[in-house]
1. Can you list the HN-Hα couplings for region 219-234, worked out from phi with the Karplus curve (6.51, -1.76, 1.60; θ = phi - 60°), rounded to whole Hz and with x for Gly and Pro?
2. What are the ³J(HN,Hα) values, in whole Hz, obtained from phi via the Karplus relation 6.51 cos²θ - 1.76 cosθ + 1.60 with θ = phi - 60°, for each residue of region 235-249 in sequence order, with x given for Gly and Pro?
3. Which net charge results for the neighbourhood of Ala102, defined as the other residues with beta-carbon distances under 12 angstrom from its beta-carbon, given Lys and Arg at +1 and Asp and Glu at -1?
4. Long-range amide H contacts for Lys26: which residues qualify at under 5 Å (H placed 1.01 Å from N, peptide plane, sequence gap of 5 or more or a different chain)?
5. Quick one: which of 263-272, 213-222, 309-318, 33-42 comes out on top by average Cβ neighbours within 10 Å, and what's the full order, highest first?
6. Using a basic spin-label model with each label point 7 Å from the Cα along Cα→Cβ, how many nm lie between Leu280 and Thr97?
7. Can you give the local net charge around Phe294? Use residues other than it whose beta-carbon is closer than 14 angstrom to its beta-carbon, Lys and Arg +1, Asp and Glu -1.
8. I need Cys31, Cys274, Cys324 ordered by Cβ neighbour count within 10 Å, fewest first.
Amino acid sequence: METIEPTQQPDNPKQPEQERTTAQGKACLNCGTPLTGKFCGSCGQKDLPARQDLGDLIVNFISSFFSFESKFFKTFKDLVLKPGKIVNEYNAGKRETYYHPARMYVFLSFIFFLTLSFVVNTDEIEVGKNGDLNEVEQNKIDSIKNGVDSVRRIQGLKFEPVSDDLEAETVEQYDSMQTALPEEKRDNFISRYFNRKSLEVESKSKGKETELVRGMLDDMYSNIPQLIFFLMPIFALFLKLLYVRRDFYYSEHLIFTIFYYDFAYLMGTFIILCQQVSWLEWLGYVLYLWMFIFLYKSMRKVYKQRRFKTFLKFSMVLGLFFMCVILGAAGLALVAFIKL
């Protein structure tokens, strides 16, 4: 007589505690690697029961929260008050003691630009009763018009005056005047593009100065985070060139830069907040000064050179970086102008 084997029961997804052992001992619930301590050596998951009651869940949540808080605030304290310490310890391998610099960058940059968005609001630009802008906004318009005039003087890659015969007021007039000229006297491609674009902008801006300013400023503000992020590896490259004889990898200069960016975003947030309270404005200036002192002290502590040499390189890296910032801002203005 044929015997009928009992049907195999499906595995219980919530395995009991005694079923999570292997021949080598206790195993990680996440990846199955044998455990040798409180944390898995393969995936890093903590050794916790597969099933947790409400009490275990609350305890584990609170402990993980305070573990994060402890690491975050230690990083916060050393980042503000101890120039160069985090960089030295991070490059020495003590990385779990502090919050990860890239994650901190994302967090602090988000807080900074969120705070900035509440302070800088282009929608507040308003015109007067007669359609005129107030003095501050009129200055912005004049600056944009001056920039347009400068752009119109571009001849190839050289800044030279446009011919005095160019008096076109519309794109159509300009095209007709160019067609009437001999081919060798016509504007080149770059000059023709910016001349036509400037005439288009001037035509659009008549009676719509406010919208023009808002459009350009909104576009520039939206691209500032990308500009600052793009300048980060350039700042690290300047450090690499200035300390080329020192035994530092480029990645270690980059770590220095990321931590200083974190510090700058934090100080920038505090400065913005201080500027909103009249009796705290003085603190904003102190924090602004501390940003420069902090960079000098960090360079001296990390790269361990004499004061004069450190100050010289500090001045050079700031000068080169601010030059890049100015060029980047000009690029943002040019891109915003092209998009109009």
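What follows is calculated from the coordinates using simple rules that are stated; it is not laboratory data. On a predicted model such as this, the values are computed, not experimentally measured, just so you know. All Cβ positions, glycine included, derive from the backbone under ideal geometry; neighbour counts span all protein chains shown.
1. Coupling constants for region 219-234: 5, 5, 4, 5, 9, 4, x, 5, 5, 5, 5, 5, 7, 4, x, 5 Hz.
2. Coupling constants for region 235-249: 4, 5, 5, 4, 5, 4, 6, 6, 10, 5, 8, 8, 7, 10, 6 Hz.
3. Values: positive: Arg95, Arg103; negative: Asp262.
Spelling it out: positives minus negatives among the neighbours equals +1.
4. Amide H neighbours of Lys26, under 5 Å, 5+ apart: Leu35.
5. On the way: 263-272: 19.6, 213-222: 17.1, 309-318: 15.6, 33-42: 13.5.
Final packing ranking: 263-272, 213-222, 309-318, 33-42.
6. The answer from the label model is 3.1 nm.
7. Working: positive: Lys77, Lys82, Lys85, Lys297, Arg300, Lys301; negative: Asp78, Asp262.
Within the 14 Å Cβ shell, the charges total +4.
8. Working: Cys31 12, Cys274 19, Cys324 16.
Placing the least packed residue first, the sequence is Cys31, Cys324, Cys274.
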